[in-house]
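Peer 1: I am attaching a structure below and will ask some questions about it afterwards.
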Amino acid sequence: VCCVDRTHMLRQCVRVVRHSRSSRSFSTTARAAVYSSFGSPQKSLSVKEFTYDDPKGSEVLIRMLAAPINPSDVNMIEGSYPICPETEEKIGGNEGVGIIESVGSEVTQFTKGDRVLPKRPCFGTWRTYAVEDQSKLRKISNTIPIELAATISVNPCSAFRLLTDFANLSAGDVIVQNGCNSVVGQSIIQIAHSKGIKTINILRDRPDFAETVEYCKNLGGDIVVTEDYIQTAAFKTLIADMPRPKLAFNSVGGRSATDMARILEKGGTMITYGGMSRKPVTIPTGLLIFNDIVLKGFWLSKWTETHSETEQNEMISALTEMIEKGTLKWKIQREKFENICEILQTNNKSFSSGKKVLMF
């Protein structure tokens, strides 16, 4: 009888232990790059630890895989960007890719193991883990490299929209752009090339100019020249047999933008999406009066707010398909997340290094 009682008690104990384990609440410790006041990243940014409870309801637990460092990320920390996170303590980073580790009881859109991207900026991607509502995320194929998935949402999407939204371009048409070594520029070259659209690409003279020219031409760039060369008679001869560009994509400003406007076709459009030189866009009066040049601006965040989720998903799918086919890529420089403060203190201007991507 004693043995039977002991066996019965042992079984009861096992049941209690199992029940307590199944109902236990777990937490996840995460590290994040945060700032509470605006200023230079070197002074404002620090890495702190956070604790997240298990996801509840429609929440999911995301383990971040990779996130880039974009100019807009730095501008946001400096306080010079039009939008920023509304929380008092803000987590840096606007884009990146993560993997779903666990889901709340009401989650229907994702399962464990899905790769996801933030739908909107100010997500705070510079962290090792995040718990967020499923509505803030979109699924991304796991067939493309993590580094490219992490950087697909901002620059390649901007390139896609620039080539799609401002003119009805066809094979044989020409566009001109400055800043062609950026991820937007690299993407414009390749997307245009896939459609038979010719590109004139302008670079600032730089120590690695020859290497950059070769790289851009290998991507499909038709003409790659310096800002100084575009003002020469030799350049006019070089483009003499080409149609005038329908569109100019400006990410630099200053004289570079003016020079591009001069070679646009009559009625052509210049779209400004950046201003790396910090100099204003100046257009001669004659180009506006006699050539009917149109000037516009583009900001992907605004486009995202005013267009449907279906349109956004179709754009991501089109870019993903190009990556899978090997017709779209961009240079990446992998960095360790734990070194983020040191990384932001450096200013590596060499194109050969590529877009800096934090690996978690």
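Peer 1: Report the far tail of the P(r) of segment 214-297, meaning the percent of Cα-Cα pairs longer than 16 Å.
Peer 2: Considering segment 214-297, 56 percent of its Cα-Cα pairs are separated by more than 16 Å.
Peer 1: Same structure, new question: Rounded, prolate or oblate, given the Cα gyration tensor of segment 155-302, with a/c below 1.5 counting as rounded?
Peer 2: Because its axes are fairly even, with a/c under 1.5, segment 155-302 counts as rounded.
Peer 1: Under the rule a/c < 1.5 gives rounded, and otherwise a/b versus b/c splits prolate from oblate, where does the chain land using the Cα gyration tensor?
Peer 2: prolate
Peer 1: Between helix 309-325 and the chain, what is the angle of the helix's C-alpha long axis to the longest principal axis, kept within 0 to 90° and rounded to the nearest 10?
Peer 2: Roughly 80 degrees between the two axes.
Peer 1: Please give the FRET efficiency for GLU309 paired with GLU211, using the beta carbon to beta carbon distance and R0 = 35 Å, rounded to the nearest 0.05.
Peer 2: Once rounded, the FRET efficiency stands at 0.30.
Peer 1: Report the one residue of TYR273, SER301, ASN339 whose Cα lies farthest in the direction of the positive end of the charge dipole of segment 264-360 (charges on C-beta: Lys and Arg +1, Asp and Glu -1; origin at the Cα centre).
Peer 2: ASN339
Peer 1: A further question follows. Distance cut-off 29 Å, Cα to Cα: go down the list LYS56/LYS355; LYS56/LYS325; LYS90/LYS139; LYS302/LYS331 and report the pairs above it. Present the calculation step by step, with values, prior to reporting the outcome.
Peer 2: Working: LYS56/LYS355 35 Å; LYS56/LYS325 38 Å; LYS90/LYS139 24 Å; LYS302/LYS331 26 Å.
Among LYS56/LYS355; LYS56/LYS325; LYS90/LYS139; LYS302/LYS331, the Cα-Cα distance tops 29 Å for LYS56/LYS355; LYS56/LYS325.
Peer 1: Quick check on segment 253-350: take the gyration tensor over C-alpha atoms, sort the square-rooted eigenvalues as a ≥ b ≥ c, and tell me if it's rounded (a/c under 1.5), prolate or oblate.
Peer 2: oblate
Peer 1: Give the angle, between 0 and 90 degrees and rounded to the nearest 10, that separates the Cα long axis of helix 155-165 from the longest principal axis of the Cα atoms of the chain.
Peer 2: Its long axis makes an angle of about 50 degrees.
Peer 1: Shifting gears a bit: Quick check for me: using +1 on Lys/Arg Cβ and -1 on Asp/Glu Cβ, what's the dipole size of segment 155-302 about its Cα centre, in debye to the nearest 20?
Peer 2: Using only the charged Cβ atoms, the result is roughly 420 debye.
Peer 1: If you line up the long axis of helix 254-263 against the longest principal axis of the chain, both from Cα atoms, how many degrees apart are they, to the nearest 10?
Peer 2: Rounded to the nearest ten degrees, it is 60.
Peer 1: Give the residue from GLY179, SER194, VAL47 lying farthest towards the positive end of the charge dipole for the chain; charges sit on Cβ (+1 for Lys and Arg, -1 for Asp and Glu) and the dipole is referred to the Cα centre.
Peer 2: So the residue furthest toward the plus end is VAL47.
Peer 1: Still on this structure, I have one more. Of the peptides 324-335, 103-114, how do they stack up when ordered by the mean number of other Cβ atoms within 10 Å, highest first?
Peer 2: Details: 324-335: 15.7, 103-114: 13.9.
The packing order, highest mean first, is 324-335, 103-114.
Peer 1: Also: Put +1 on the Cβ of every Lys and Arg and -1 on every Asp and Glu Cβ in segment 206-341; which of PRO284, ILE230, THR310 then has its Cα farthest towards the positive end of the dipole?
Peer 2: PRO284
Peer 1: Quick one: length gained pulling LYS136 to LYS112 fully straight, 0.36 nm per residue minus the C-alpha distance?
Peer 2: Answer, rounded to one decimal: 7.0 nm.
Peer 1: Within a 10 angstrom radius of the beta carbon, how do PHE235, PHE38 rank from fewest other beta carbons to most?
Peer 2: Working: PHE235 19, PHE38 15.
Ordered from fewest to most neighbouring Cβ atoms within 10 Å, PHE235, PHE38 come out as PHE38, PHE235.
Peer 1: About its Cα centre, how strong a charge dipole does the chain have in debye, to the nearest 20, once Lys and Arg get +1 and Asp and Glu get -1 at the Cβ?
Peer 2: I would put it at about 540 debye.
Peer 1: For LYS266, give me every one of the lysines with a C-alpha distance below 16 angstrom, ignoring sequence neighbours fewer than eight places off in its own chain.
Peer 2: Partners within reach: LYS246, LYS296.
Peer 1: Fully extended, how many nm does the chain gain between GLU88 and ARG278 (0.36 nm per residue separation, minus their Cα-Cα distance)?
Peer 2: 65.5 nm
Peer 1: Same structure again: Given contacts defined as C-alpha pairs under 8 Å and at least six residues apart, what's the relative contact order of the chain, whole-number percent?
Peer 2: For the chain, the relative contact order is 15 percent.
Values in this text are rule-based calculations from the coordinates and carry no lab data. Predicted, not measured: the structure shown is a model, and the values here were computed from it. Reconstructed Cβ throughout: ideal geometry from the backbone, glycine too, with neighbour counts over all protein chains shown.
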